[in-house]
Structure formats: structure tokens, C-alpha cells
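Here is the structure we will look at, set down as C-alpha cells.
The values are calculated or read from the model by the stated rules, or taken from the named source; none is laboratory data. Everything numeric here is computed off the predicted structure, so don't read it as measured data. Methodologically, a virtual Cβ is constructed for each residue, glycine included, from the backbone with ideal geometry; neighbour enumeration extends over all protein chains shown. Just the protein is used for accessible areas: all its heavy atoms, side chains included, with ligands, DNA and RNA removed. Shrake-Rupley method; radii C 1.70, N 1.55, O 1.52, S 1.80 Å.
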Amino acid sequence: METFKDKVVWITGASSGIGEAIAMAFAKEGARLVLTARREDELQRVKQATGLAEASVLILPMDVTQFDKAQNAAEQVIAHFGRIDIMVHNAGVSQRSYVSDTELDVYQQLMNVNFFSTVAITKAILPYMISQKNGHFIVISSVAGKIGTIMRSGYNAAKHALHGFYDSLRAEGFEHNIKVTTICPGYIRTSISLNALDASGSKFGKMDSNQEKGIPADECARRILEAVRKDKKEIYIGGFKEVAAIYLKRFLPNLLFEQVRKNIPE
Ligand code: NDP
């Protein structure tokens with residue numbers, strides 16, 4: 001069983017929701033943390049909440065869509081801790097808008113945050129992981145990375161892209177002892193719908209009832225660490241309906257497509 005004690009874990013989107021819960025879960029295991037998001041004050045709050053020693057948590061505020069900052073950020077982590085053991089690609093933004101209404105720029109933003117930012121950071125840290133012959137990527141996809149649903153076209157596309165990219169990296173990384181665990185959460189109780197983008201890129205600003213009834217973020221984080229410990233390749237964390245939808249798509253796709261068509265979001 002893998003122990004996370006003293007492992008250096010870099011988490012994006014660590015200022016709230018699932019990322020914050022992952023930070024707390026790794027802190028409990030005695031890991032050392034790098035916390036990234038745009039809101040520095042929230043990262044400071046999470047750092048305090050971990051109760052870890054000052055030197056065990058590096059706050060690295062960054063807009064992950066500024067791809068040219070990724071290399072410098074990776075160098076800061078190495079300068080502080082000397083290594084990166086686990087990279088948690090968690091920063092993400094959802095969507096609430098129809099294809100016919102959504103501006104192209106919104107699609108670009110969704111791809112940049114949810115997909116390209118992970119590529120930029122992965123490329124910056126991969127050489128370090130290869131030279132230390134060890135590394136583990138935790139990729140926070142979604143049930144939306146397995147099925148396409150109404151009003152989420154750009155978000156679904158970005159999450160699907162993660163699977164293609166990180167399945168390749170898992171295969172390429174094998175000889176360097178670099179692992180990939182892809183996580184597909186269903187509804188988790190966080191601010192994701194409040195922060196989702198509408199057709200013109202403004203914040204949706206409403207809490208979805210499905211989200212409100214979702215699994216608590218700390219339970220989601222607990223299951224993520226368990227999956228990483230067991231080197232699971234891909235896991236689903238959700239209610240019966242969301243997880244069943246993934247299997248329906250695999251075995252009875254036409255039935256799933258029909259169900260999705262009828263499932264008009266709030
Ligand atoms: P939150 O909205 O609570 O968290 C999103 C996090 O991403 C925040 O910490 C935010 O920090 C960060 N973030 C967003 N944009 C940027 C950016 N440009 N640069 C840096 N950081 C950014 O939602 P969740 O915790 O739910 O989302 C976390 C992940 O889980 C996402 O990838 C999401 O797609 C995924 N997910 C969530 C599900 C759910 O039901 N909640 C279901 C399936 C997947 P800040 O604003 O400070 O920059």
C-alpha cells in the first residue's frame with residue numbers, strides 16, 4: 001500500500017471544492033503540498049486549515065490558462081521541495097449553455113481551463129518525473145468525460161480530451177514508472193454550477209439542485225486517495241444514475257443517447 005507521507009503533491013484548483021478536500025486528505029497523510037488557484041486568500045485559508053508546518057505547504061497562485069507561467073511554476077516547486085511526486089489536475093470550470101447560443105470564445109476558455117492547462121503543466125513537470133523515475137498524475141475528469149449531455153458541450157469536449165491525452169501518457173510513462181489515475185466524479189456538492197460559464201462567458205451563478213444533493217467533497221477526496229493508493233487507472237465516483245449512465249453508454253449506447261435527450265437540465 002502506497003504511503004503519502006512526505007510525498008510532494010501539487011494540486012490545482014485547491015482554493016475550493018474537490019481540490020480543497022484533496023489537499024486536506026493528503027495533509028492528513030503527512031504529504032507536502034503545493035496549492036494553486038487564482039484566489040491567493042483562499043489558498044492561504046486552505047493552507048492554515050491543513051495544520052501543516054509552514055515549510056510543508058507552498059502557495060503558488062496562478063491562472064492556469066496562462067500557459068507560459070507553467071514552466072516557471074514547476075521550477076518554483078522544484079526549488080522549494082526538490083521533487084514532484086503527485087500532480088493533481090483538478091482546476092476546472094463547467095458550462096450551462098446550448099451550442100446554438102454559445103460564443104466560440106467560451107469554447108476556447110473551457111478547453112483552456114479544463115484541458116490545455118493540464119497539458120502545459122504536465123509538459124513542464126514531466127522531465128523532473130522522468131529523471132526521478134517516479135510520478136503519479138491524478139486527472140479530475142467527470143462523468144461528463146464519458147458521456148455528452150445537454151448544455152455542457154464544451155465542458156464535455158474538454159473532459160473527453162483528458163481521457164485521450166492521459167491514456168496516452170499512461171502508456172508512454174510506464175517505462176519511467178509514471179502512473180495516471182483518472183477520476184470521473186458524478187454530482188459532488190461544490191460551487192461548480194455557481195462558477196459555470198453561460199453562453200457569453202459570464203458566471204451562471206446558480207446552485208443546481210443535483211449539485212446540492214451530491215456526494216460531499218471530502219468523501220470524494222477520500223475515494224480519490226484510495227484509488228491512487230491502489231494505482232487504479234480510472235474510477236467513477238457518483239450516485240447510481242451517473243455511474244449507470246457510463247455503463248449504459250458502453251453496452252447500450254442508443255438507449256443512453258435517448259435518455260440524455262430527454263434529460264433537460266434545470
Ligand atoms: P469549484 O468551482 O469549487 O472549484 C474549481 C476550482 O478550480 C477552484 O479552486 C478554482 O479556483 C479553480 N480554477 C478555476 N479556473 C481556474 C483558473 N483559470 N486558474 C486556476 N484555477 C482555476 O468546483 P469543483 O471543486 O467541483 O471542481 C473541481 C474539479 O472537479 C473540476 O475539474 C470539475 O470539472 C471536476 N468535477 C466536479 C464535479 C462536481 O459535481 N462538483 C463533477 C465532476 C467533475 P480559483 O477560482 O481560486 O481560481
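Size of the chain along its principal axes in angstrom, Cα-based, largest extent first?
Its Cα atoms span 51, 37, 32 Å along the three principal axes.
Farthest toward the dipole's positive end in the chain, which of Val88, Phe116, Asn254, given Cβ charges of +1 (Lys, Arg) and -1 (Asp, Glu) about the Cα centre?
Asn254
Figure the gain on full extension for Glu103 and Lys241 (residue separation times 0.36 nm, minus the Cα-Cα span) and round it to one decimal in nm.
Values: separation 138, 0.36 × 138 = 49.68 nm, distance 3.08 nm.
So the chain would gain 46.6 nm between Glu103 and Lys241.
Ile188's amide H: which non-local residues (gap 5+, or another chain) put their own amide H closer than 5 Å, with H modeled 1.01 Å from N in plane and none for Pro or chain starts?
Answer set, sorted by chain and number: Ile215.
With a 1.4 Å probe and all protein chains in place, put His176, His80, His163 in order of accessible area, largest first. Intermediate results must be reported in sequence, preceding the final value.
Working: His176 55, His80 85, His163 15 Å².
If we order His176, His80, His163 from most to least accessible, we get His80, His176, His163.
Asn177 versus Ser202, label points 7 Å from Cα toward the beta carbon: distance in nm?
It is 5.3 nm.
Can you send over the solvent-accessible area of Ile150, 1.4 Å probe, protein chains only, in Å² to the nearest 10?
Result for Ile150: roughly 40 Å² accessible.
What does the helix-only formula give at 222 nm for the chain: each DSSP H stretch with n ≥ 4 adding -39500 (n - 2.57), the total divided by the residues, and the result rounded to the nearest 500 deg cm²/dmol? Please list the in-between numbers first.
Details: 11 runs with 123 residues, N = 266.
Calculated mean residue ellipticity at 222 nm is -14000 deg cm²/dmol.
Which Cα, out of Val99, Cys220, Tyr128, lies furthest along the positive dipole direction of the chain (beta carbon charges, K/R +1, D/E -1)?
Cys220
Take Val243, Val228, Val99 and sort them by solvent-accessible surface of the protein heavy atoms, 1.4 Å probe, largest at the top. Intermediate values should be presented prior to the final figure.
Working: Val243 35, Val228 0, Val99 100 Å².
Per-residue accessible area, sorted high to low, gives Val99, Val243, Val228.
Could you tell me the accessible area of Asp101 in Å² (1.4 Å probe, neighbours in place), rounded to the nearest ten?
Here the residue's solvent-accessible area equals roughly 90 Å².
Could you give log10 I(q)/I(0) at q = 0.19, 0.33, 0.34 Å⁻¹ for the range 81-124, computed by the Debye formula over C-alpha point scatterers of equal weight, without solvent?
-0.66, -1.19, -1.22
Cα axis of helix 153-173 to longest principal axis of the chain: angle in degrees, 0 to 90, nearest 10?
40
Based on the alpha-carbon gyration tensor of the range 29-155 and its eigenvalue square roots a ≥ b ≥ c, which shape applies: rounded if a/c is under 1.5, prolate if not and a/b is larger than b/c, or oblate?
Details: a/c = 2.12, a/b = 1.75, b/c = 1.21.
In terms of gyration-tensor shape, prolate.
For the chain, which longest stretch is free of loop sites, where a loop site is one of the trypsin sites (Lys or Arg not before Pro) that DSSP puts outside H, G, I, E and B and that has at most 10 other Cβ atoms within 10 Å? The partial results should precede the final answer.
On the way: sites that count: Lys5, Lys133, Lys213.
Formally, the longest exposed-site-free interval is 6-132.
Heads up, I need the accessible area for Ser202: 1.4 angstrom probe, whole protein in place, Å², nearest 10.
Accessible surface of Ser202 is approximately 60 Å².
By DSSP, what percent of the beta bridges with both residues in the range 8-241 are antiparallel, rounded to the nearest 5?
Taking every DSSP beta bridge with both residues in the range 8-241, the antiparallel ones total about 5 percent.
How much length is gained if the chain between Gln48 and Thr3 is pulled fully straight, taking 0.36 nm per residue apart and subtracting their Cα-Cα distance, in nm to one decimal?
Values: separation 45, 0.36 × 45 = 16.20 nm, distance 2.30 nm.
Value of the extension gain: 13.9 nm.
Enumerate by residue number the chymotrypsin sites (Phe, Trp or Tyr not before Pro) in the range 75-169 meeting two conditions: DSSP loop (anything except H, G, I, E, B), and at most 13 other Cβ atoms within 10 Å of the site's Cβ.
Details: sites: Phe81, Tyr98, Tyr107, Phe115, Phe116, Tyr128, Phe137, Tyr155, Phe165, Tyr166; in loops: Tyr98.
Passing sites in the range 75-169 are Tyr98.
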